[in-house]
Amino acid sequence: MTNTPTRITFVGGGNMARSLIGGLVRAGKHGADIAVAEPNADQRAALASDFGVTVCDNAADAARDADAVVLAVKPQVMKAVCTSLGEIAWPRKPLIVSIAAGIRIEQIDTWLGGGYAVVRTMPNTPALIGAGAAGLVANARADARQRELAQRILDAAGLAVWIADEALMDTVTALSGSGPAYFFLLVEALEDAAVAQGLPRETARALAAQTCLGAGRMLREDGAAPAALRQRVTSPNGTTQAAVESFEANGLRALVAGAVAAATRRGQELSAHPGG
């Protein structure tokens, strides 16, 4: 990122905000152009020390001169945060970027007082190591410059792709937002299965983790469809075919579809009942 005087404020200084801030600074953004509102004093001190950002204990002070405000707070407190921010007498309304699951753009704009350019996004925890995946969707008030700014903020911590229909963001949340936990669960199951077959746990964990890393890199770097990559590994009547047939016979696809549907429904519930 080429450095510009654009001022970005993060409301909330937790792990996800930290990953995005770190990515921005690594990409060339000056820490002095970033402010963070965070009530926890230890977290404020760590952010200031690590990245040279300005820190405050309240959102109004941090966001007053912002060009973009990233709302990195829990869905349950989003309404209260937006209401407080809406009381700021901004010289111009900043771009609002929300990373809260389930909270709709219209809700955010209404709570702020109306008339804001809002981008809703859902990064995931691999953003902490610069390998995140995020979907983004914007309302009609977000112009090309503001969309590009939102893209830069999210690209700094991994891959960011635009979604045309906000209704699909709950599916994005279920896929990439919650998705890392699915792979951790798979590695956990592979590790346990290998231990049951006699491998030492440390060896099983190392091999399972590296296998998932290698498979993920092949998916990104090879360009072939997942089915094609799977078929390359699956020799007729071999060990992989035996395992894949067992997965299919025991309903792996139905289990995954059910899990993604359940996570999608939960995102919809968070929108309908943001305080619960």
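Selection of the range 188-215 for residues being within 21 Å of Pro226 (Cβ to Cβ) and under 25 Å from the mean Cα position of the chain (by Cα) yields Ala189, Ala208, Ala209, Gln210, Thr211, Cys212, Leu213, Gly214, Ala215.
Just one of the listed residues (Ala101, Ala72, Ala60, Ala46) is farther than 22 Å from Gln268 by Cβ and surrounded by 15 or more Cβ atoms within 10 Å (Cβ to Cβ), and it is Ala46.
Is it the case, given these coordinates, that Leu175 is more than 10 Å from the chain's Cα centre (by Cα), more than 25 Å from Ile88 (Cα to Cα) and in contact (Cβ under 8 Å) with a residue 40 or more places away in the chain? Judged against the criteria, Leu175 is a match. Restricting the range 1-54 to residues that are in contact with a Leu (Cβ under 6 Å, 6 or more places away or on another chain) and free of Cβ contacts under 8 Å to residues at least 60 places away in the same chain leaves a set whose member that is nearest to Gln146 (Cα to Cα) is Val36. Among residues belonging to the range 31-63 that are part of a strand (DSSP E or B) and among the hydrophobic types (A, V, I, L, M, F, W, C), point out the one that is modelled with the lowest pLDDT. Once the filter is applied, the top-ranked residue is Cys56. Looking across the range 7-30, the residues that are surrounded by 19 or more Cβ atoms within 10 Å (Cβ to Cβ) and in a helix (DSSP H, G or I) come down to Met16, Ala17, Arg18, Ser19, Leu20, Ile21, Gly22, Gly23, Leu24, Val25. Between Arg147, Arg152, Arg120, the distinction of being touching a residue at least 12 places away in the same chain (Cβ under 8 Å), surrounded by 22 or more Cβ atoms within 10 Å (Cβ to Cβ) and under 26 Å from Arg220 (Cβ atoms) belongs to Arg120 only.
Summed over the range 66-94, the residues that are of a type outside the set (S, T, N, Q) and not in a loop (DSSP other than H, G, I, E, B) give a count of 12.
Could you tell me which residue of the range 28-54 is farthest from Lys74 (Cα to Cα), considering only residues that are among the small types (Gly, Ala, Ser) and out of contact with any helix residue (DSSP H, G or I) (no Cβ under 8 Å at 6 or more places or on another chain)?
Going through the qualifying residues, I end up with Gly28.
Which residues, taken from the range 95-143, are assigned to a strand (DSSP E or B) and closer than 15 Å to Thr171 by Cβ? Across the range 95-143, the qualifying residues are Arg120, Thr121, Met122, Ala133, Ala134, Gly135, Leu136, Val137.
Residues in the range 242-274 that are modelled with pLDDT of 90 or more, within 30 Å of Ile108 (Cα to Cα) and not aliphatic (A, V, I, L, M): 3 in all. Comparison of Ala196, Ala167 shows that the only residue that is among the small types (Gly, Ala, Ser) and modelled with pLDDT under 95 is Ala167. Does Ala204 qualify as being at pLDDT 95 or above, farther than 21 Å from Glu248 by Cβ and out of contact with any Lys or Arg (no Cβ under 9 Å at 6 or more places or on another chain)? In short, yes.
The values are calculated or read from the model by the stated rules, or taken from the named source; none is laboratory data. The structure presented is a predicted model; accordingly, all values stated were derived computationally and were not measured. In this analysis, Cβ positions are derived from the backbone assuming ideal geometry, glycine residues included, and neighbour counts consider all displayed protein chains.
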